[in-house]
Amino acid sequence: MKTKKPNIGVIGVGHLGQYHTKHYKSITQANLVGVYDADHARGNEIAKTHNTKFFNNLSTLLKECDGVSIVTPTESHFDVAKMAIKDFNCHVFIEKPITTTLNEADELIELAKIKNKIIQVGHIERLNPALQGLKPYNINPKFIEIQRLAPYTTRGTDVPVVLDLMIHDIDILLSLVKSEVETIHATGVSILTESVDIANARIRFKNGTVSNITSSRIAKDKVRKIKIFQENLYSTLDLLLEQTEIYSITKDPKKYSKAIKTEVFNNKKHIIYEKPTLKKRDLLNVELKNFIEVIKNNEQPVVDGIEARNALKVAIQIHDMIIKDLK
Ligand code: NAD
């Protein structure tokens, strides 16, 4: 490391990159060196707002950094990350999706291995308290229903909805189901943009788990919900409200505290309802602090390049299937 506190830069300070800049400025374990943006006026403006330096040349910034956040449009992730790892020995935090193609992701993963650098990818939902609320339970889903709907915005439309929104849920799904994907059926439509705006995929895993995911970027209201069904347990997660509700069946209701609601079905089955109290946190702050800790202590990031590549692989399969179906 070039200093005790990692020197950090932010590349791309548009909508999301401005928040990366803000958080790094406040993380005492990091030293924010400055920012770079292809749009120099925007770069200057964000540097000024957060009292840091604007570099009008990417190489000059990279030369000073131990790690960088890459928050540029997805199509440029590969070129920027390759330059940062290969030419300047930097650890990289790449916003999701890691890249637009599997070959690009594989090349970055290989390069990072050779250079002994970390790739962390911004699949921020993994830190969502609603998912953390599942941790005490033995989750072994038979069926998972996931819905992510968002009103239209021009941001993110450089890639289809599967790579922009659905990839969050694919990553969550792969983290919940410990089995390989067996089959995928997918369908979708373009409504406002030239690419797919609404997509639905049914994914079956080798262990028999089935998932149904729907993503839309032209909805009226925001929805981010997950429903998990398994033997003796039903759980419903709201990722927007950061809430988790769990209904489970027990033969031994006495082991639960009186504060927990129970109901008896057929004089036999005791239904337990739990809604864990989950601590609200600024997830981007937690995620970026994790990147700094990972650099300092050579730890495993929340989501590494390989997991992000696995999510991308499924996303590309889904998208290709939709496109084929539309022709
Ligand atoms: P944006 O368009 O608001 O900002 C992108 C910025 O990058 C712009 O300021 C642009 O000038 C700059 N830029 C473009 N090409 C560049 C290059 N080659 N080098 C340096 N700067 C460059 O986009 P955004 O909404 O901030 O999204 C950026 C990335 O973050 C995308 O990959 C997107 O998928 C991801 N994202 C992730 C989440 C999440 O939930 N984790 C949410 C939003 C966006």
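If you go through the stretch 29-51 and keep only what is away from the ligand (no atom under 12 Å from the Cβ) and open to solvent by 30 Å² or more (accessible area, probe 1.4 Å), you end up with Q29, N31, K48, T49, H50, N51.
Among residues of the stretch 133-146 that are among the polar types (S, T, N, Q), those with a Cβ under 8 angstrom from a residue that is open to solvent by less than 60 Å² (accessible area, probe 1.4 Å), sequence gap 6+ or separate chain, pair up as N140/Q230. Counting the residues of the stretch 200-230 that are open to solvent by 20 Å² or more (accessible area, probe 1.4 Å) and hydroxyl-bearing (S, T, Y) gives 1.
Among the residues of the stretch 119-127, are any more than 10 Å from the ligand (Cβ to nearest atom), in contact (Cβ under 8 Å) with a residue 60 or more places away in the chain and closer than 30 Å to E245 by Cβ? Yes, the conditions are met somewhere in the stretch 119-127. Considering the stretch 79-91, the residues that are away from the ligand (no atom under 13 Å from the Cβ) and outside any loop (DSSP other than H, G, I, E, B) include one that is nearest to the chain's Cα centre (by Cα), namely H91.
Taking the criterion of being touching a residue at least 12 places away in the same chain (Cβ under 8 Å), in a helix (DSSP H, G or I) and under 21 Å from the mean Cα position of the chain (by Cα), the residues of the stretch 92-116 that qualify are L102, E104, A105, D106, E107, L108, I109, A112.
Yes or no: the stretch 182-199 includes at least one residue that is open to solvent by 20 Å² or more (accessible area, probe 1.4 Å), away from the ligand (no atom under 16 Å from the Cβ), within 23 Å of D238 (Cα to Cα) and not polar (S, T, N, Q). Within the stretch 182-199 (the criterion being open to solvent by 20 Å² or more (accessible area, probe 1.4 Å), away from the ligand (no atom under 16 Å from the Cβ), within 23 Å of D238 (Cα to Cα) and not polar (S, T, N, Q)), the answer is yes, since at least one residue qualifies.
The values are calculated or read from the model by the stated rules, or taken from the named source; none is laboratory data. Nothing here was measured: the structure is a model prediction, and the numbers come from that model. Reconstructed Cβ throughout: ideal geometry from the backbone, glycine too, with neighbour counts over all protein chains shown. These accessible areas exclude ligands, DNA and RNA; they are computed on the full protein's heavy atoms, side chains included. Shrake-Rupley method; radii C 1.70, N 1.55, O 1.52, S 1.80 Å.
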